[in-house]
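The values are calculated or read from the model by the stated rules, or taken from the named source; none is laboratory data. A quick note: this is a predicted structure, and the numbers were derived from the prediction, not measured. Please note: Cβ atoms are built from the backbone with ideal geometry, for glycine as well, and neighbour counts cover all protein chains shown.
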Amino acid sequence: MLRRILNLVLLVLAALAMPAHAGAGVPKPVLTIENPGQCVAAPEVIRRTHMDLLKHQRDKTMHEGQRGAKGDKSASLNACIECHASKKTGSVLGSNENFCQGCHAYVAVKLDCFECHQARTGLIKAAGAKP
Amino acid sequence: MSDLQKPETGRRAFLGATAAATAAGLGFVALAPGVQLIKFAAAKAGPEGVSGKVRWGMLIDTTRCATGCTACVSACATENAITPGSGRPGQSSQWIRKIELKEQKSGREVSLPMMCQHCAEPPCVDVCPTGASFKRADGIVLVDRHICIGCRYCMMACPYKARSFVHEPLTEQNPQVPRGKGCVESCTLCVHRVDKGEQPACVEACAKSEHEAMLFGDLNDPNSEIAKRIAATPTSQVRADLRLDPGVRYQGI
């Protein structure tokens, strides 16, 4: 008996919750891809595995010095930035329209890469001063 | 000190002898004409990664290094986007510095650049608790910032005072040289340039300043200019007593 009541309560709750969830969602990010064309893998694969691809590449490059490896152009972070940086700001960060930040803001995942890596394209010359 | 060193020396000597035997074996193979070609191509890092047949090193001719010239230091700062930080000069990163030495008795003065010596037996790698401090197959000692926890043991262990800790957030990095707050860093021998087949920025700047006091090359290749110079002229390692086998050698000190 108790179980039946519990089931009923759950059903009612589910029915109440459903329309609320379907209606009020965070709007999906609108991202402009500046260099459309062939990425290293299909978008749905990239969406789920880009962090693994990047991590694999980072260890290979950092420790074994593999550069220009099969998948380096693909999986190197700099290659991602070259293609995906906004033409307006030259960066993958800065606003929610920009490639990395837009998606990471949507999924609420902290983006740590750019605390060390440069988010903008192009080599910055003469940034340094005499230490 | 010497008592403490004895067993360590024994172990090192044994390992060193084993390594030397292996190296000699490889060297013999490298003498074959076909293999030499492959070896030359391996100087540029490709998809297969770097090879242990190469050992990058530097020879610094202190007799040509000019007092007051800081071309190498500025070139390093520009290349690696090393900025002075916000008003705390004691905390700013220093990958290379100029040192002036004076012998009290004769008054002879020597000027030289000091940086990570890219030891074959790097103490920074020995003490690193996470494996962030490591030596690449081609002898370049690096910090993997992905793994570095910023404990700074390596800074304590380095007898050359070559490492710095990044205290402040950075924004103006060179895309090829990621740097950031909370990690230890040091001279990378411009690994991003070396892997492209170029020379480190300091060496290039020194040549441009017409002092040509710095020579970069493969210590393992008997035909390289650096190996020939080291074989022909007396050069020394700084703190050779520590038996770290630095990849940077000095002439005229």
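From the list B:V143, B:V54, pick out the single residue that is within 14 Å of chain A (Cβ to nearest Cβ) and under 19 Å from B:V184 (Cβ atoms).
Just one listed residue meets the conditions, B:V143.
For residues that are within 11 Å of chain A (Cβ to nearest Cβ) and either in a loop (DSSP other than H, G, I, E, B) or touching a residue at least 24 places away in the same chain (Cβ under 8 Å) (or both), scanning just region B:99-138, find the one that is nearest to B:L215 (Cα to Cα).
Among residues in region B:99-138 that are within 11 Å of chain A (Cβ to nearest Cβ) and either in a loop (DSSP other than H, G, I, E, B) or touching a residue at least 24 places away in the same chain (Cβ under 8 Å) (or both), the one nearest to B:L215 (Cα to Cα) is B:D138.
Could you pull out the residue among A:I124, A:I81 that is modelled with pLDDT of 85 or more, in contact with a Pro (Cβ under 9 Å, 6 or more places away or on another chain), closer than 30 Å to B:P84 by Cβ and within 14 Å of chain B (Cβ to nearest Cβ)?
It is A:I81.
Please verify whether region B:196-214 includes one or more residues that are closer than 22 Å to B:K53 by Cβ and out of contact with any helix residue (DSSP H, G or I) (no Cβ under 9 Å at 6 or more places or on another chain).
Yes, some residue in region B:196-214 is closer than 22 Å to B:K53 by Cβ and out of contact with any helix residue (DSSP H, G or I) (no Cβ under 9 Å at 6 or more places or on another chain).
Pull up region B:57-98, narrow it to residues that are crowded, with 24+ Cβ neighbours inside 10 Å and not in a loop (DSSP other than H, G, I, E, B), then point me to the one that is nearest to the other protein chains (Cβ to nearest Cβ).
B:A77
What residue, among those in region B:173-184 that are within 19 Å of A:R67 (Cα to Cα) and part of a strand (DSSP E or B), is nearest to the other protein chains (Cβ to nearest Cβ)?
Once the filter is applied, the top-ranked residue is B:N174.
Could you pull out the residue among A:G37, A:G68, A:G25 that is modelled with pLDDT under 85, in contact with a Pro (Cβ under 6 Å, 6 or more places away or on another chain) and assigned to a loop (DSSP other than H, G, I, E, B)?
The conditions single out A:G68.
So which of B:A227, B:A205 ends up being within 14 Å of chain A (Cβ to nearest Cβ), farther than 30 Å from A:D52 by Cβ and crowded, with 17+ Cβ neighbours inside 10 Å?
B:A205
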